[in-house]
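Asker: Got a structure for you, written out below as structure tokens; questions coming shortly.
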Amino acid sequence: MEDKKKNNYDIFFRVLFVLFVIFLCLYAISISGFVDTRNSKKTLYTEEQIKKFENDVKNGEYVDITDYLVTEDIDYSNGFSRFGEDVSNTISSVTHYTFKYFEDFFNFMFK
């Protein structure tokens with residue numbers, strides 16, 4: 001019995017340690033300004049596109065909005081992320097139907 005308790009504590013502290021490491025990584029990213037740097041690069045690129053648009057209008061060239069829009073549609077999904085999304089959707093639907101059945105059951109019982 002003592003070994004089982006020790007094993008449970010080991011699992012708990014390992015999970016706690018992993019969560020702490022994840023927290024430290026996210027904190028370091030926020031402190032280093034990674035997100036701010038990405039946003040400033042997007043802003044700079046947008047300003048360049050605005051200047052290009054203004055020059056084209058000034059020169060009387062044909063202006064099409066698709067020439068100035070930047071699309072970054074990068075699909076980062078893989079088998080694991082699709083599996084996680086499927087599991088999440090399944091849990092959500094099962095939970096929804098379970099609550100619906102409980103509600104119907106209690107409505108029937110207390111009518």
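Asker: Suppose R0 equals 41 Å. What FRET efficiency, 1/(1 + (r/R0)^6) with r the Cβ-Cβ distance, do residue 83 and residue 43 give to the nearest 0.05?
Answerer: With a Förster radius of 41 Å, E is 0.70.
Asker: While we're here: Among all lysine pairs in the chain that are eight or more places apart or on different chains, how many have alpha carbons less than 18 angstrom apart? Could the numbers behind the result be given before it?
Answerer: Details: 41/51; 41/52; 42/51; 42/52; 100/111.
Within the chain, the lysine pair count is 5.
Asker: In nm, to one decimal, how far is the residue 108 label point from the residue 64 one, both placed 7 Å along Cα→Cβ?
Answerer: Taking the two extended label points, one gets 6.2 nm.
We did not get these values from a lab; they are worked out from the coordinates using the rules stated. Small disclaimer: the values here were computed from a predicted structure and weren't measured. Ideal geometry is used to build each Cβ from the backbone, glycine not excepted, and the neighbour counts take in all protein chains shown.
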